[in-house]
Amino acid sequence: MLFCAVLDGALIAAGVLGMAQALSGRPGLARALALAGAVFLAAYGVRALRRARTPQHLRAAEGNAVLGRGAAVAQAAAFTLLNPHVYLDTVLLVGSIGAQQPGVLRGWFVAGASMASMLWFGLLGYGARWLAPWFARPRAWQMLDGLIGLTMMMLAAILAGRVVTGF
């Protein structure tokens, strides 16, 4: 949890302090990345909507299957860094908003966004145990996948709309 929050903070800082400005000088690249992001989100949304049609349930690991610290950190790094959505969210979206702040406020923006990320990952980590009994029911997964699918499709449409209108 802490590893993911720190990594998220580093990506937010990278976006605020440089990536958004680097892309602002290259509108074609920014548009191509946004379009690729829209396609990714739409595909992800379609997959989630397909999963929502099929009942599933949570299959939590048995108490015997314990990951070592190194394996857990490696898995967290892979989930974070291999997820294209993390770059859309933290580097491009949050970074471009933060880069618009006056110079003095950029640091505060990075700190605030990083604290929000830490709160999110904390709630996600501790909330998972609390929500596990609810997600043992197939209907809960169907509802979550439906919500995820609709959200991803909406985000894809918004992102594609921004590409068409020129941001």
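The values are calculated or read from the model by the stated rules, or taken from the named source; none is laboratory data. These numbers come from a predicted model, not from an experiment. Cβ atoms come from the backbone with ideal geometry, glycine included; neighbour counts cover every protein chain shown.
Some points to look at:
- Note on segment 125-143: among residues that are surrounded by 15 or more Cβ atoms within 10 Å (Cβ to Cβ) and in contact (Cβ under 8 Å) with a residue 24 or more places away in the chain, the one that is farthest from ARG51 (Cα to Cα) is PHE135.
- Some residue of segment 154-167 being touching a helix residue (DSSP H, G or I) at 6+ places or on another chain (Cβ under 9 Å) and on the phi > 0 side of the Ramachandran plot: yes
- Of all the criteria given as (1) under 24 Å from TRP134 (Cβ atoms); (2) among the polar types (S, T, N, Q); (3) at pLDDT below 85, the one not satisfied by SER96 is (1).
- Some residue of segment 87-96 being under 30 Å from ALA30 (Cα atoms), over 15 Å from the mean Cα position of the chain (by Cα), touching a residue at least 40 places away in the same chain (Cβ under 8 Å) and crowded, with 16+ Cβ neighbours inside 10 Å: yes
- When residues of segment 16-46 are limited to those that are among the small types (Gly, Ala, Ser), over 30 Å from GLN142 (Cα atoms) and assigned to a helix (DSSP H, G or I), the one modelled with the lowest pLDDT: ALA20
- Here LEU49 meets the list (1) closer than 20 Å to TRP141 by Cβ; (2) at pLDDT below 85; (3) outside any loop (DSSP other than H, G, I, E, B) almost entirely, failing just condition (2).
- Test for LEU124: is it closer than 22 Å to MET152 by Cα, part of a helix (DSSP H, G or I) and either at pLDDT below 90 or of a type outside the set (Phe, Trp, Tyr) (or both): yes
- Test: residue in segment 153-163 that is free of Cβ contacts under 8 Å to residues at least 60 places away in the same chain and among the β-branched types (Val, Ile, Thr): yes
- Residues of segment 67-82 satisfying the condition of being surrounded by 11 or more Cβ atoms within 10 Å (Cβ to Cβ), of a type outside the set (Phe, Trp, Tyr) and part of a helix (DSSP H, G or I): ALA72, VAL73, ALA74, GLN75, ALA76, ALA77, THR80, LEU81
- ILE158 vs. criteria more than 14 Å from the chain's Cα centre (by Cα), of a type outside the set (Lys, Arg) and at pLDDT below 80: no
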